[in-house]
Each structure stands twice: as C-alpha cells, then as structure tokens.
Amino acid sequence: MPELLAMFAELAEYERLTHEMKATEKQLADALFGAHPAAEALIAERGDPPATVGYALFFPTFSSFLASSGLWLEDLYVRPARRRAGVGRALLAAVAARLRERGGERLEWAALDWNSPALRFYEGLGARTMTEWITHRLTGKHLDRLAAEHPPR
C-alpha cells in the first residue's frame, strides 16, 4: 500500500492535482481488499531486487448498448525513469487481457488534453479519442445537495 500511495502522489503532482490527493493506506486497502472491492490494481516491477516502476488502477463498468461489462482505467502510471521501456504497454495489455478473460467488450479511460506523451501513446495503440463525449463530475457540497433530494431508505 505505501508504494502504491507514493505513486498516486507522484501522478497527482504530474497532473497538477496534489490538492486532491487525500487517499490513506486504510482507505486504499479497503477499496482494493475490503468486503466489496471498488477497484483492482496491477503493479509493475523491474530489476533485481525488484523495484516498483508503475501501476494500473481499474474498475468495472457496464454498457447498456452492448449489454456487456467493461473496465474503466482510472490510472496508468509509469515512473519517469522507466518510461519508454514497455512498462505502460505491458500494464495496459494485462488490463485488456483481464477484461477479455471476463467477457468484457470495452476498455475506456480519460487523459488530460495537455498530456501529449500519453495521447501519442494511446493513439499508437489504436485508441479512439471520444471528442463528442464530455465528462461531468459532482463532488463535495454539490454532490451532497443532490443526494439530499433523495429520501433516506
């Protein structure tokens, strides 16, 4: 958990989102290994002794149009010193293989519009940029306000 959290912090810094990094070791352990896991993570290691060089974090989705499961790739991160050595591709291939093993049809993710290296990498894999879709997000007080409109169970 500590190594995964360290890479989360590195990614948050790269994406200029350190102000959003609030995950704790306990929260992460519960999310990955609790009674109802919310996500899965793959960790890449290289060297002797092995050193952690990257990770992929993903969770299930569902397509009503396909009536099939999919995966949302939340993070694909490779430490800067290990980039351009096949680690990212290997992690993404492992996620894709898990999806296919489970009968899934669609792997999706988002990338920041200014992250040119990532965008080129994804384009090289044959990924299609979904420019017609705009992601929306509710958090904090706005999420609380909407949730409060629903009567308690």
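Test S69 against the stated conditions and say whether it is surrounded by 15 or more Cβ atoms within 10 Å (Cβ to Cβ) and closer than 23 Å to R106 by Cα. Yes; evaluated as a whole, the condition is true for this residue. Pairs linking a residue in the stretch 96-115 that is over 16 Å from Y55 (Cα atoms) to a residue that is among the charged types (D, E, K, R) and modelled with pLDDT of 95 or more, with Cβ atoms under 6 Å and 6 or more positions apart or on different chains, do not occur. Any residue at all in the stretch 77-91 that's in contact (Cβ under 8 Å) with a residue 40 or more places away in the chain and either of a type in the set (G, A, S) or closer than 18 Å to P60 by Cα (or both)? Yes: the stretch 77-91 contains one or more residues that are in contact (Cβ under 8 Å) with a residue 40 or more places away in the chain and either of a type in the set (G, A, S) or closer than 18 Å to P60 by Cα (or both). I'm told A39 meets every condition in (1) modelled with pLDDT of 95 or more; (2) among the aliphatic types (A, V, I, L, M); (3) more than 21 Å from A23 (Cβ to Cβ) except one. Can you identify the failing condition by its number? Tallying (1) modelled with pLDDT of 95 or more; (2) among the aliphatic types (A, V, I, L, M); (3) more than 21 Å from A23 (Cβ to Cβ), A39 fails exactly one: (3). Evaluating T52 against the criteria (1) at pLDDT 95 or above; (2) out of contact with any strand residue (DSSP E or B) (no Cβ under 9 Å at 6 or more places or on another chain); (3) β-branched (V, I, T) leaves one unmet condition, (2). Assess whether G104 counts as being surrounded by 13 or more Cβ atoms within 10 Å (Cβ to Cβ), more than 22 Å from L5 (Cα to Cα) and at pLDDT 95 or above. Yes. Would you mind finding the one in G70, G54 that is over 23 Å from P117 (Cβ atoms) and either without any contact (Cβ under 8 Å) to a residue 60 or more places away in the chain or hydrophobic (A, V, I, L, M, F, W, C) (or both)? After ruling out the rest, the residue left standing is G70.
For the stretch 107-144, name all the residues that are hydroxyl-bearing (S, T, Y) and over 20 Å from G70 (Cα atoms). Of everything in the stretch 107-144, those that are hydroxyl-bearing (S, T, Y) and over 20 Å from G70 (Cα atoms) turn out to be S116, T139.
Filtered by the rule that a residue be more than 18 Å from Y77 (Cα to Cα) and surrounded by 14 or more Cβ atoms within 10 Å (Cβ to Cβ), the stretch 28-58 gives D30, A31. Do we find that L138 is in contact (Cβ under 8 Å) with a residue 12 or more places away in the chain and either over 20 Å from M7 (Cα atoms) or in a loop (DSSP other than H, G, I, E, B) (or both) in this structure? Judged against the criteria, L138 is not a match. Only one entry of T135, T129 meets the criterion of being β-branched (V, I, T) and under 16 Å from the mean Cα position of the chain (by Cα), and that entry is T135.
The values are calculated or read from the model by the stated rules, or taken from the named source; none is laboratory data. Everything numeric here is computed off the predicted structure, so don't read it as measured data. Heads up, the Cβs are rebuilt from the backbone with ideal geometry, glycines too, and the neighbour counts pull from every protein chain shown.
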